[in-house]
Amino acid sequence: MPATPFIDPDLIAGSLYSTPARIAERTGALHAAKISGGDATAAVVDLAASSAVPAPRICDIGCGRGTTTLRLATRLAPAQLIAVDQSRALLGTVAERLDDAGHSVRTVCADFHHLPLPDASIDIAVAANCLYHSARPADVVAQIARCLTAGGRAVLVTKSADSYRQIDELIAEAGLDPDAAARPSLYETFHGDTAPGIVATSLRVEQVLRQQHVFRFAGLDQLAGYVDTSPKYHLPDRLAGSAGLLADEFRRRLRDRPVVATSTVTYVKAVRP
Ligand SMILES: C[S@@+](CC[C@H](N)C(=O)[O-])C[C@H]1O[C@@H](n2cnc3c(N)ncnc32)[C@H](O)[C@@H]1O
């Protein structure tokens, strides 16, 4: 078993990203609770746009459901747009969403450790919230560098290692998973403190931005909707996959109250010299 479930290949391909519904549920639970921190997708697109050549060739790596891909298409009018992910199901959603919005995209089902793209063929590469799924993120950065043109830019995004630790503490306090707060971060392999150094192994870092995002879950019901999507916790099997049962269990063990949690998002912009 790897140090963090976020780099377990079976979990990544088998359940976390096997359907668009699962990732939409997790993102939706966080968005519903977010009270400050700005729009992360807008920040990525702004950074990508700030040094874009006209009609750039763009690659969105680990594109998920394509939320960033769609905004890149709208804002930057790329000559070529490639969306890479290892989940075929998610790439199907990306193709549909881009098509519905009148944009063309080439979807590529691949492992980002072996990008099937020619050398120096991309002007802008984006890799948002995905390098923490690699045990060797420097290898992925090297692949990105290989695919970029000289002067091409990459925007890489990740979260802080202490993201949502307030929820870990609550779950430990409830006695549901006493070790939750002591276990390694989900973002262990590529987080806000380590990302700039890892990116610098193959690219020249130009800018590092940090934004603190604050989430306020109105009560234990809403919190259960998020916790149910996290692979971090070792919860009893009978609660697996049911936010309703989890909420009941929370209520038996904890006073119902709003729960505030934080995560600092780090954006690294880098250039291929
Ligand atoms: C949290 S989602 C991020 C989606 C999107 N970039 C965003 O910021 O909303 C992580 C994505 O990385 C993809 N992924 C994980 N490991 C991968 C790998 N080895 N190669 C390619 N994609 C991978 C997953 O399938 C998933 O779509």
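The values are calculated or read from the model by the stated rules, or taken from the named source; none is laboratory data. Computed from a predicted model, the values in this text were never measured in an experiment. No Cβ is skipped: glycine too gets one built from the backbone with ideal geometry, and neighbour counts run over all protein chains shown. Ligands, DNA and RNA are excluded from the accessible area calculation, which covers all protein heavy atoms including side chains. Shrake-Rupley method; radii C 1.70, N 1.55, O 1.52, S 1.80 Å.
Annotations
- 0 to 90° range, to nearest 10: angle between helix 88-100 axis and the chain longest Cα axis: 60
- The residues of segment 1-146 present an accessible area of 43 Å² per residue when probed at 1.4 Å with all protein chains retained.
- Added length on full extension, which subtracts the Cα-Cα distance from 0.36 nm per residue, Ala218 to Arg252: 10.5 nm
- Candidates Leu246, Phe190, Pro236 compared by Cα position along the dipole of segment 140-273: farthest toward the positive end lies Phe190, with charges placed on Cβ.
- Overall, the accessible surface of the chain at a probe of 1.4 angstrom is composed of carbon and sulfur to the extent of 51 percent.
- Using alpha-carbon coordinates, inclination of helix 243-253 to the longest axis of the chain, degrees: 40
- Long-range amide H partners of Val108 with built H, under 5 Å: Ala83, Val84, Asp85
- For the chain, the calculated P(r), taken from all Cα-Cα distances in 5 Å bins from zero up to the bin holding the longest distance, is 1, 6, 12, 17, 19, 16, 12, 8, 5, 3, 1, 0 percent.
- Ser15 paired with Val260, simple spin-label distance in nm, labels 7 Å along Cα-to-beta-carbon: 3.2
- Helix 137-147 axis, angle to the chain major axis (alpha carbon atoms, nearest 10°): 20
- Label-point separation, Val53 to Ala3 (7 Å along Cα→Cβ), nm: 3.8
- Spin-label model, His113/Lys34: points 7 Å from Cα along the beta carbon direction are separated by 3.1 nm.
- Solvent exposure of segment 228-273, expressed per residue, is 46 Å² of accessible area, with all protein chains present and a 1.4 angstrom probe.
- Computed FRET value (nearest 0.05) for Asp193 with Thr27, which takes r as the C-beta separation and R₀ as 22 Å: 0.40
- Cβ-Cβ FRET estimate between Ala135 and Thr74, R0 fixed at 41 Å, reported to 0.05: 0.75
- Shape call, segment 184-264: gyration tensor on alpha carbons, a/c limit 1.5: prolate
- Added length on full extension, which subtracts the Cα-Cα distance from 0.36 nm per residue, Leu245 to Glu96: 50.2 nm
- Solvent-accessible area per residue in segment 167-208 equals 43 Å², computed with a 1.4 angstrom probe and all protein chains kept.
- Calculated [θ] (222 nm, deg cm²/dmol) that DSSP helices of n ≥ 4 give over the chain, each run adding -39,500 (n - 2.57): -10000 deg cm²/dmol
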